[in-house]
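K.L.:
First the structure, which I've put down as structure tokens, then a few questions once you've had a look.
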Amino acid sequence: MKKPNVLLVYPDQMRYDCTSFAGNPTVKTPGFDYLAQNGAYFKGAFTSFPLCCPFRASLMTGKYPHKNGMFTNHYPIPLDQVFLPELMNKAGYNTGWFGKWHLNGGRKFDFVPKEYRLGFEDFVGYSRGHDYLNGIYYRDDDSQPYRSEKYEPEYQTDHIIDFMSRSINEAKPFMGMVCLGLPHTPLDSAPEHYRSLYSPDEVELPDTVPPWEVKNAKAYRAKYYGLIACVDMQLKRLTNWLRENNVLDDTIFIVVSDHGDMCGEHGLKYKSSYYSASMHVPLIVHYPSLIPHGKVIDQLVDPSVDLMPTILEMCGLDIPQCVQGKSIKNILINGKDPEREEYVYYQLLKVYDDACRVLDMQEHKKYPERGLRTREYLYVEKCGVPFALYDLIKDPEEKYNCINNVDYLNVVYGLRMRLKEVMEKTEDDWSIGAVLPPPGYQNHDESIEFHKKIYASAMLER
């Protein structure tokens, strides 16, 4: 039996509601739309730990961050565990990663040692960082940095197309993953065409953006939408290439993001929050050989832990017992899995004082959070104490915290008991977290100087 190919495209920090098919009235996304309308689109995909490194570690292990050891950003992932690309290698797949890696800790825009590539044979990327106009990358075991005259997401798409082409010529199935970086900040690190594609006057905001944030939020989203348009262009390029090479029907094409972006909602920026704007992400799976066209799925899933077992099962491979996520193959085929308990676990692990002294404010989580998102409620505890409750039926925009409302006393008690059961089931504990600073960590100013040095030494590759 012929093995399916796997192509995963990972726009970084992309909200769930920033595509045409998801109802956004401003941004135009024909690339996203085609894949969703001809594949399966998940309306209820929420990432359990809305932060970059924890998501990436879960994608590679199928385990929650408290079990895979990635407690927050910028740490090296523990290597004594089973990783998805290694399993795919053993099954005869060519494996390739392209773009920002962010699983080896250390400095920004640095070389990634082989052992930290977790089994990706083809590797064209770099450790971490965001500078799309002045991007650099390394090839496999070559520690010489390279740069390109092209915009970063455009040459990253070139690289993964080259990888897929070589795999086809070798008559081997492939698993290729590309992290395009966009629409993660800095939003100005883009060609003028994308930065000015949308005007702030075109942007419509939810009423969860407070009045004092409206002007900034409109300006932010206009540029943010421009970067999404660039991602959309790369999706069209990849879809067309797969079609032209007669492998579109044989390829499991997945589009997913690690987390959203608050974009000013509730007066907040970026991620690391239990609000929908941070947890809710786009998830599309296009695979005509198995999935009926135009399937819209409403069931709650957590792509961070669920995608690894899904890819393995859809490729006919065994799922390791250590995996905590659940395959969504049955949902993709039938539209629903009646045996699946519908909730998404929410986590922010503790970051202890010594680590907080070094890490950026975004990673300062001295007071850990856990919670559950169900169809009816969003429930959150901070340090084991009930902290937030939102009635998602009456209040889908999550505007009114009902945690102290006596009418919800029984609801809070029930969700508190259920959260305790989930923590016990997953072997989670409130004390788990980052104790020591990450080795080799650079602060912002140090990383800027290091990038200048690396970029100056980079070889131009046309």
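K.L.:
If I go through segment 318-370 residue by residue, how many of them are surrounded by fewer than 22 Cβ atoms within 10 Å (Cβ to Cβ), part of a loop (DSSP other than H, G, I, E, B) and among the aliphatic types (A, V, I, L, M)?
P.N.:
Result for segment 318-370: 4.
K.L.:
Can you pull out every residue in segment 421-456 that is among the charged types (D, E, K, R) and over 30 Å from C383 (Cβ atoms)? Spell out how you get there, then give the answer.
P.N.:
Kept after step one, since they are among the charged types (D, E, K, R), are these residues of segment 421-456: 421, 424-425, 427-429, 445-446, 449, 452-453.
Within segment 421-456, D445, E446, E449, K452, K453 qualify.
K.L.:
Here is a follow-up. Return yes or no: is Y270 among the aromatic types (F, W, Y) and either closer than 20 Å to L7 by Cβ or buried (at least 22 other Cβ atoms within 10 Å of the Cβ) (or both)?
P.N.:
Numbers: among the aromatic types (F, W, Y): yes; either closer than 20 Å to L7 by Cβ or buried (at least 22 other Cβ atoms within 10 Å of the Cβ) (or both): no.
Considered against the rule, which asks whether it is among the aromatic types (F, W, Y) and either closer than 20 Å to L7 by Cβ or buried (at least 22 other Cβ atoms within 10 Å of the Cβ) (or both), Y270 comes out as no.
K.L.:
Moving to a separate point now. Return the residues of segment 221-269 that are small (G, A, S), assigned to a helix (DSSP H, G or I) and at negative phi; say none if nothing qualifies.
P.N.:
Residues satisfying the conditions are A222, G226, A229.
K.L.:
Condition first: under 24 Å from L359 (Cβ atoms) and of a type in the set (V, I, T). Now tell me which residues in segment 89-142 satisfy that.
P.N.:
Answer for segment 89-142, where residues must be under 24 Å from L359 (Cβ atoms) and of a type in the set (V, I, T): V112, I136.
K.L.:
To continue, here is another question. For the list (1) touching a residue at least 24 places away in the same chain (Cβ under 8 Å); (2) part of a loop (DSSP other than H, G, I, E, B), I need the number of the one condition that K150 fails.
P.N.:
Exception for K150: condition (1).
K.L.:
Based on what the data block shows, is G125 small (G, A, S), within 21 Å of the chain's Cα centre (by Cα) and buried (at least 22 other Cβ atoms within 10 Å of the Cβ)?
P.N.:
Details: small (G, A, S): yes; within 21 Å of the chain's Cα centre (by Cα): yes; buried (at least 22 other Cβ atoms within 10 Å of the Cβ): yes.
Answer is yes for this residue.
K.L.:
Taking Y138 as the residue in question, decide whether it is touching a residue at least 24 places away in the same chain (Cβ under 8 Å), among the aromatic types (F, W, Y) and under 19 Å from H102 (Cβ atoms).
P.N.:
Working: touching a residue at least 24 places away in the same chain (Cβ under 8 Å): yes; among the aromatic types (F, W, Y): yes; under 19 Å from H102 (Cβ atoms): yes.
The answer is yes for Y138.
K.L.:
Residues in segment 13-31: is at least one in contact with a strand residue (DSSP E or B) (Cβ under 8 Å, 6 or more places away or on another chain), buried (at least 21 other Cβ atoms within 10 Å of the Cβ) and at positive phi?
P.N.:
The answer is yes, given that some residue of segment 13-31 is in contact with a strand residue (DSSP E or B) (Cβ under 8 Å, 6 or more places away or on another chain), buried (at least 21 other Cβ atoms within 10 Å of the Cβ) and at positive phi.
K.L.:
Moving to a separate point now. Every residue in segment 377-394 that is in a loop (DSSP other than H, G, I, E, B) and either of a type in the set (K, R) or surrounded by fewer than 15 Cβ atoms within 10 Å (Cβ to Cβ) (or both), please. It would help to see each step written out before you state the result.
P.N.:
First, pick out the residues of segment 377-394 that are in a loop (DSSP other than H, G, I, E, B): 383-384, 392-394.
Those that are in a loop (DSSP other than H, G, I, E, B) and either of a type in the set (K, R) or surrounded by fewer than 15 Cβ atoms within 10 Å (Cβ to Cβ) (or both): C383, G384, I393, K394.
K.L.:
Select from segment 421-445 the residues that are among the acidic types (D, E) and without any contact (Cβ under 8 Å) to a residue 12 or more places away in the chain and write down the one among them that is surrounded by the fewest Cβ atoms within 10 Å (Cβ to Cβ). Break it down stepwise before answering.
P.N.:
We begin by selecting, within segment 421-445, every residue among the acidic types (D, E); these are 421, 424, 427-429, 445.
Next, only the ones that are without any contact (Cβ under 8 Å) to a residue 12 or more places away in the chain stay: 421, 424, 445.
Values: E421: 10, E424: 10, D445: 8.
So the residue we want is D445.
FYI, it's all coordinate maths here, none of it is from the lab. Everything numeric in this text was worked out from a predicted model, so none of it was measured. So basically every Cβ, Gly included, is an ideal-geometry build from the backbone, and we count neighbours across all protein chains shown.
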